[in-house]
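Scroll down for the structure; my scribbles are underneath it.
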Amino acid sequence: MLIGALVLVAICATFWLTPLSELVDLPRLLEIAHRFRANPLTPFVLVVAFALLSSVLFPINGLIAVTGLAFGPWIGATYALVATLIAAIAQFVIGSRLGAEAVTRLAGPRAEKVRGHLVRRGFWAVALGHVLPVAPFGVMNLLCGASGIRFRDFLLGTTLTMVPTALLVAGLSSQIARLF
């Protein structure tokens, strides 16, 4: 806990004491986003970014918010949903290939309990796992793959939770961008 707090203080100090704070200027970020969306490779870049960043525990809602900022509420939500589902499927497959023991070691001590819920409750456990702060998005998908639940239950549970999430987060971030 102390190490986490020190890391957070170090990150904040880095932004306050260096020119990095200029990069977080919202109008500048929106300008970069508008240039990014004009690139024809953008959908592919988004899918890869979502898969990689959510795998290293970057918050999925942050990725969706950035996509909403860049593309607006409807296109942003669509891109975010497709990228999120492809990332989730890739992580599910990796979890199933790694197996329960390896994923439990990677995910930590609560992983076995979460895996047990997934096995017993399937679809509903996946849906609740993506809504409640049970585990980060990427870890949850790995646990789903390692648990042996049916792919159909995983995909339906993930889709059920990510459709409203993508619509709400992309829409909200788009509206915030309009204010500025």
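The values are calculated or read from the model by the stated rules, or taken from the named source; none is laboratory data. Because the structure is a prediction, the values reported are computed rather than measured. All Cβ positions, glycine included, derive from the backbone under ideal geometry; neighbour counts span all protein chains shown. Side chains included, ligands, DNA and RNA excluded: accessible areas come from the protein's heavy atoms. Shrake-Rupley method; radii C 1.70, N 1.55, O 1.52, S 1.80 Å.
Tabulated results
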read-out	value
Search result, residues across segment 52-68 that are at pLDDT 80 or above and either assigned to a helix (DSSP H, G or I) or touching a Lys or Arg at 6+ places or on another chain (Cβ under 6 Å) (or both)	52, 53, 60, 61, 62, 63, 64, 65, 66, 67, 68
Pair list, Cβ < 7 Å and 6+ apart or interchain, from segment 91-110 residues that are on the phi > 0 side of the Ramachandran plot to residues that are surrounded by 14 or more Cβ atoms within 10 Å (Cβ to Cβ)	99/146
Exclusive hit being touching a Leu at 6+ places or on another chain (Cβ under 7 Å), within 20 Å of residue 51 (Cα to Cα), modelled with pLDDT of 80 or more and not β-branched (Val, Ile, Thr), set 83, 90	83
Any hit, segment 162-178, residues being modelled with pLDDT of 90 or more, part of a helix (DSSP H, G or I) and basic (Lys, Arg)	no
Pair list, Cβ under 6 Å, 6 or more apart: segment 60-75 residue free of Cβ contacts under 8 Å to residues at least 12 places away in the same chain and β-branched (Val, Ile, Thr), other residue open to solvent by less than 30 Å² (accessible area, probe 1.4 Å) and assigned to a helix (DSSP H, G or I)	none
Qualifying position, being out of contact with any His (no Cβ under 8 Å at 6 or more places or on another chain), part of a loop (DSSP other than H, G, I, E, B) and at pLDDT 80 or above, among 109, 40	40
Condition met for residue 46 (of a type in the set (A, V, I, L, M) and either within 20 Å of residue 160 (Cβ to Cβ) or open to solvent by 30 Å² or more (accessible area, probe 1.4 Å) (or both))	no
Segment 128-168: number of residues that are crowded, with 20+ Cβ neighbours inside 10 Å and touching a Gly at 6+ places or on another chain (Cβ under 6 Å)	5
